[in-house]
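The values are calculated or read from the model by the stated rules, or taken from the named source; none is laboratory data. Source: prediction; values computed, not measured. Here the Cβ is made from the backbone with ideal geometry for all residues, glycine too, and neighbour counts use every protein chain on show.
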Amino acid sequence: MGKALIIGCGGVASVAIAKCCQNSEVFTEIMIASRTLSKCDALKEKLQPSTKTIIHTRQVDADKVPELVAIMEEFKPDVCLNLALPYQDLTIMDACLACGANYVDTANYEAEDTDDPAWRAIYEKRCKEKGFTAYFDYSWQWAYQDKFKNAGLTALLGTGFDPGVTSVFTAYALKHYFDEIHYIDILDCNGGDHGYPFATNFNPEINLREVSANGSYWEDGHWVETKPMEIKREYNFAGVGDKDMYLLHHEEIESLAKNIPGVKRIRFFMTFGQSYLMHMNCLQNVGMLGTTPVEFEGREIVPIKFLKALLPDPASLGPRTVGKTNIGCIFTGVKDGKERSIYIYNICDHQEAFKETGAQAVSYTTGVPAMIGTALVASGVWSGAGVYNVEEFDPDPYMDMLNQYGLPWVVDENPVLVD
Ligand code: NDP
């Protein structure tokens with residue numbers, strides 16, 4: 001039915017591409033284009049023998065619009081799935097506009113160079129106006145609304161697990177269980193153990209920046225900001241057990257606050273073990289999470305990039321990670337005048353994910369919904385000219401595909417709430 005260009009060939013992409021190959025009716029042809037061609041070729045070699053989807057590969061620097069345009073002009077994709085890094089969101093959106101391709105991603109735009117004075121001026125104004133200090137926010141991509149509308153193209157933002165599935169769970173809860181949702185708690189639990197004292201489950205640079213930043217939540221129409229890891233709760237997760245979880249800023253809070261009418265509070269919690277937190281605090285204290293280049297023995301290095309080179313590659317964690325993830329949302333609101341709460345979640349097993357795709361559950365839980373969002377756009381089930389977050393579309397076909405493609409979900413109508 002359609003042609004998809006997939007940018008990036010890391011942990012998440014390897015799962016999304018494997019899943020596209022299981023859905024050859026929609027994905028008749030794909031092109032994998034990333035910085036390191038050998039990774040694209042290796043994945044093609046692994047997947048091509050057992051799929052009808054025709055796979056092509058190319059090398060690309062996705063920071064460069066002309067390189068992207070050249071590939072799109074040659075391949076003529078219906079849709080482009082961006083699974084590189086959030087730094088490349090805007091260049092890939094520009095190339096899609098230039099070539100008439102729909103756009104899909106899993107993470108909102110973040111500037112790579114946060115010391116750039118032009119970027120900083122806009123960032124500081126936004127911090128003051130909106131009240132949260134995360135380096136990433138939706139304003140950059142929402143600003144493309146008119147461009148996509150005028151071009152008659154769809155940009156679908158944030159179709160990973162969180163954001164992505166958590167946002168679709170919200171739309172589903174609103175459609176089938178509530179007249180109005182008042183409280184949303186998004187709980188992201190990773191009960192996996194990889195056996196290393198310290199490693200990150202996805203790109204270390206993105207992961208460590210997110211976790212070491214201030215937390216924040218949405219309440220009564222405004223942001224409340226907290227210090228990193230200031231708010232801690234304990235929760236007993238189905239399939240995992242008791243875990244400590246900490247309140248973080250997270251990007252779907254921003255879009256859900258805009259798109260869910262009547263919502264009073266949205267919080268996001270993620271579980272962390274003591275070993276992870278101890279290492280992260282120590283690395284932060286010694287400056288290893290810094291993004292500003294420092295002079296070392298005659299050359300400049302960026303501390304967090306150097307740290308990335310020392311840490312285990314997230315892709316290498318797959319074979320050694322055991323345990324499960326449990327990610328979902330607890331909703332409280334009203335239906336027919338009565339208050340009710342429900343909890344929708346998915347449990348994913350690291351080893352089962354690895355057996356199927358060669359990647360652990362964190363990549364799996366992101367890669368599957370990346371394929372689903374792209375398939376719904378490519379097949380026209382989700383359509384509309386403009387820039388959309390996933391909760392703005394009908395959740396039902398997405399929820400069906402989660403069951404079909406390996407992320408079955410559960411609705412608990414009597415959940416334990418988070419205080
Ligand atoms: P990885 O670092 O494993 O993969 C990123 C890939 O992008 C690599 O193949 C890398 O190339 C490639 N890449 C990086 N820069 C460029 C560039 N300039 N041009 C071309 N290719 C480039 O990251 P993940 O797979 O873990 O994450 C992918 C995305 O998914 C990220 O945006 C992340 O934020 C998002 N994510 C979203 C989640 C969600 O639930 N919504 C959860 C987890 C991740 P190379 O192989 O050469 O390094």
Scan the range 37-56 and report the pairs whose first residue is closer than 23 Å to V26 by Cβ and whose second residue is among the basic types (K, R) and within 12 Å of the ligand (Cβ to nearest atom), with Cβ atoms within less than 8 Å and a gap of 6+ or a chain change. C40/R58
Can you tell me which residue within the range 71-99, out of those that are within 11 Å of the ligand (Cβ to nearest atom) and hydrophobic (A, V, I, L, M, F, W, C), is surrounded by the fewest Cβ atoms within 10 Å (Cβ to Cβ)? L85
Among the residues of the range 82-104, is any in contact (Cβ under 8 Å) with a residue 12 or more places away in the chain, among the charged types (D, E, K, R) and touching a Ser or Thr at 6+ places or on another chain (Cβ under 9 Å)? no
Given the residues D162, D146, D115, which is the only one that is of a type in the set (D, E, K, R), out of contact with any helix residue (DSSP H, G or I) (no Cβ under 6 Å at 6 or more places or on another chain) and within 16 Å of the ligand (Cβ to nearest atom)? D162
Take A359 and tell me if it is over 27 Å from H182 (Cβ atoms), in a helix (DSSP H, G or I) and in contact (Cβ under 8 Å) with a residue 40 or more places away in the chain. no
Search the range 1-19 for residues being part of a strand (DSSP E or B) and of a type outside the set (A, V, I, L, M, F, W, C), and hand back the single one that is nearest to the ligand (Cβ to nearest atom). K3
Residues located in the range 316-373, provided they are in contact with a strand residue (DSSP E or B) (Cβ under 9 Å, 6 or more places away or on another chain), at positive phi and of a type in the set (D, E, K, R): none
Count of residues meeting criterion [modelled with pLDDT of 95 or more and either outside any helix (DSSP H, G or I) or of a type in the set (K, R) (or both)] in the range 81-105: 10
For the range 339-378, how many residues are under 22 Å from E391 (Cβ atoms), within 16 Å of the ligand (Cβ to nearest atom) and of a type in the set (S, T, N, Q)? 4
The range 42-70, subset in contact with a strand residue (DSSP E or B) (Cβ under 6 Å, 6 or more places away or on another chain) and over 24 Å from Q22 (Cα atoms), residue nearest to the ligand (Cβ to nearest atom): A62
